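To keep things clear, I will list the structure first and then write my remarks on it.
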2 protein chains.
Amino acid sequence: MRVLVIGASGTIGKAIVAELAERHEVITAGTKTGDVQVDICNLDSIRAMYAQVTNLDAVVIASGKVHFGKLEEMTPELYAKGLDNKLMGQVNIVMEGIKHLNDKGSFTLTSGILNRDPIVLGSSAAMVNGALDGFVKHAAIELPRGLRINIVSPTVITEAMAGYAPFFRGYKPVAAAEAALAYSKSVEGAQTGQVYIVG
Amino acid sequence: MRVLVIGASGTIGKAIVAELAERHEVITAGTKTGDVQVDICNLDSIRAMYAQVTNLDAVVIASGKVHFGKLEEMTPELYAKGLDNKLMGQVNIVMEGIKHLNDKGSFTLTSGILNRDPIVLGSSAAMVNGALDGFVKHAAIELPRGLRINIVSPTVITEAMAGYAPFFRGYKPVAAAEAALAYSKSVEGAQTGQVYIVG
């Protein structure tokens with residue numbers, strides 16, 4: 001398969017590439033690195049990416065930013081950051097990709113644990129992850145041409161604990177390589193509309 | 001208690017008012033009807049509502065619009081309608097309400113079945129409902145002064161089946177009065193961070 005991995009230089013992205021590159025042709029994408037550059041907040045940039053990278057069997061997205069902040073200090077503008085980037089960035093990659101992926105191709109998105117098991121400062125993450133899980137569950141029933149879609153919802157990643165540990169006390173991390181298995185299941189399996197909880 | 005019901009003239013809103021008015025002082029709000037008018041998409045309008053209606057023990061929101069349309073015909077602008085109205089409308093009512101509700105007051109929001117059990121045309125509803133469920137689960141852990149928050153996620157309502165039946169074949173509707181019980185549980189109980197699934 002030809003697989004595009006967006007966010008390939010990130011902690012999870014690198015593990016996904018390592019897992020999939022053993023068996024597939026992987027094209028990497030990132031804001032500044034990779035085989036192709038893309039700004040997921042910019043629809044024209046997403047369109048340019050699909051014009052450049054064709055004949056795709058799978059798109060994996062391990063990218064998306066939200067603002068972390070105290071609930072009482074959140075504003076509509078701070079929520080918009082997560083809605084524009086992690087939510088609509090991933091949704092727009094799907095919506096544009098519908099026109100470009102090969103028949104029976106797949107999308108694999110990334111949400112996260114915080115809408116299921118919240119931490120202080122994470123209200124935007126909880127909102128955006130919930131939106132993504134709902135969108136994916138829905139999109140599976142309307143995608144044309146046998147296209148599939150799943151989402152991986154990992155807990156905190158071991159390799160990220162150096163920075164994240166103070167915010168995730170008591171959370172059992174999982175290695176990026178273990179999270180990458182869920183992406184492999186989505187890309188190489190046949191399921192659709194699934195939220196793969198990791199950890 | 002003094003309870004503000006936003007969307008009080010709607011199918012569910014009327015049933016909520018009927019349930020709560022037996023035991024509480026209910027103030028009704030709507031875009032054009034009710035004791036106070038509010039445009040939930042307009043932050044200034046929300047602020048004006050809280051300036052007008054004070055000394056509140058509970059805010060109930062049974063209001064929120066999303067665009068229904070085929071997945072392949074959805075656009076960022078059509079998704080923005082639901083994000084601006086049903087999602088951020090309710091979120092902004094909470095965020096502003098934090099400054100105004102009485103100690104130990106409660107917020108009760110409304111999502112719906114479509115992020116759990118999708119129907120064709122409902123991708124925006126699935127997205128927005130998931131976002132709301134995640135936000136509420138989160139907000140409960142950060143709300144100050146003993147404030148509580150829950151959300152009611154009803155299936156299709158019996159009284160709305162005249163228009164909705166073709167879109168909800170096979171769905172067992174619940175009467176608005178039954179959905180209203182979940183709002184009563186949220187307002188009059190002590191739980192927080194709960195998604196009350198009705199139907």
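The values are calculated or read from the model by the stated rules, or taken from the named source; none is laboratory data. Just so you know, these numbers come straight off a predicted model, no measurement behind them. Positions of Cβ are generated from backbone atoms using ideal geometry, with glycine treated the same way; all protein chains shown enter the neighbour counts. For the accessible areas, the whole protein counts, side chains as well, though only heavy atoms, and no ligand, DNA or RNA atoms are used. Shrake-Rupley method; radii C 1.70, N 1.55, O 1.52, S 1.80 Å.
On a 23 Å Cα-Cα criterion, which of the cross-link pairs A:K32/A:K81; A:K70/B:K137; A:K86/A:K137; A:K137/B:K86; B:K81/B:K185 come out too long?
Values: A:K32/A:K81 19 Å; A:K70/B:K137 15 Å; A:K86/A:K137 17 Å; A:K137/B:K86 19 Å; B:K81/B:K185 30 Å.
Exceeds cut-off: B:K81/B:K185.
When a/c is below 1.5 the answer is rounded, else prolate if a/b is larger than b/c, else oblate, so apply that to segment A:114-199 with a ≥ b ≥ c taken from the square roots of the Cα gyration tensor eigenvalues.
On the way: a/c = 3.58, a/b = 1.62, b/c = 2.21.
Oblate.
What accessible area per residue, rounded to a whole number of Å², is obtained for segment B:2-198 using a probe radius of 1.4 Å?
Numbers: 7790 Å² over 197 residues.
Ligands and nucleic acids excluded, the figure is 40 Å² per residue.
In deg cm²/dmol, rounded to 500, what helix-only [θ] at 222 nm does chain A give when every DSSP H run of at least 4 residues adds -39500 (n - 2.57) and the total is split over its residues?
On the way: 7 runs with 72 residues, N = 199.
Taken over chain A, the calculation gives -10500 deg cm²/dmol.
Taking H as built 1.01 Å from N, whose amide H comes closer than 5 Å to the amide H of A:I27, not counting residues under 5 places away?
Result for A:I27 returns A:V3, A:L4, A:V5.
Put a label point 7 Å from Cα along the Cβ direction on A:K185, then list its distances to the equivalent points in the other copies in nm, shortest first.
From this label point to the equivalent ones elsewhere in the assembly: 3.0 nm.
Place the label 7 angstrom along Cα→C-beta at B:R23 and in each other copy, then list the distances from the first to the rest in nm, shortest first.
Those separations, rounded to one decimal, come out as 5.7 nm.
Once the label point is placed 7 Å from Cα along Cβ, list for A:T75 the distances to the corresponding points in the other copies, in nm, shortest first.
In ascending order, 2.9 nm.
If we count every other residue with Cβ under 13 angstrom of B:S106's Cβ, Lys/Arg +1 and Asp/Glu -1, where does the sum land?
Once positives and negatives cancel, what remains is +2.
Return the loop-located trypsin sites (Lys or Arg not before Pro) in segment A:117-153 (DSSP other than H, G, I, E, B) with at most 12 other Cβ atoms within 10 Å of their own Cβ; answer none if there are none.
Details: sites: A:K137, A:R145, A:R148; in loops: A:R145.
Of the trypsin sites (Lys or Arg not before Pro), the ones in loops of segment A:117-153 whose Cβ has at most 12 other Cβ atoms within 10 Å are A:R145.
Whose amide H sits under 5 Å from the amide H of A:K65, counting only residues 5 or more places off or on another chain, with H placed in the peptide plane?
For A:K65, whose amide H was placed from the backbone, the distant partners under 5 Å are A:K86.
State the percentage of accessible surface on segment A:6-149 attributable to carbon and sulfur atoms; use a 1.4 Å probe and exclude ligands, DNA and RNA.
48 percent
Pop out a list of residues from segment B:61-81 that are at least 20 Å² less accessible with all the protein chains around than in their chain alone; 1.4 Å probe, no ligands or nucleic acids counted.
Buried on complex formation: B:L71, B:E72, B:P76, B:Y79.
Considering amide H positions built from the backbone, and no H for Pro or chain starts, which residues 5 or more places from A:I149, or on another chain, come under 5 Å of its amide H?
HN-HN under 5 Å from A:I149: A:F107, A:G193.
Rounded to the nearest Å, what's the spacing between the alpha carbon centres of segment B:55-111 and segment B:180-199? Just the number, please.
Cα centroid of segment B:55-111 versus Cα centroid of segment B:180-199: 17 Å apart.
Give the interface area between chains B and A as buried accessible surface, both sides summed, probe 1.4 Å, in Å² to the nearest 100.
Working: alone 9360 and 9370 Å², together 15900 Å².
Chains B and A together bury roughly 2800 Å² of accessible area.
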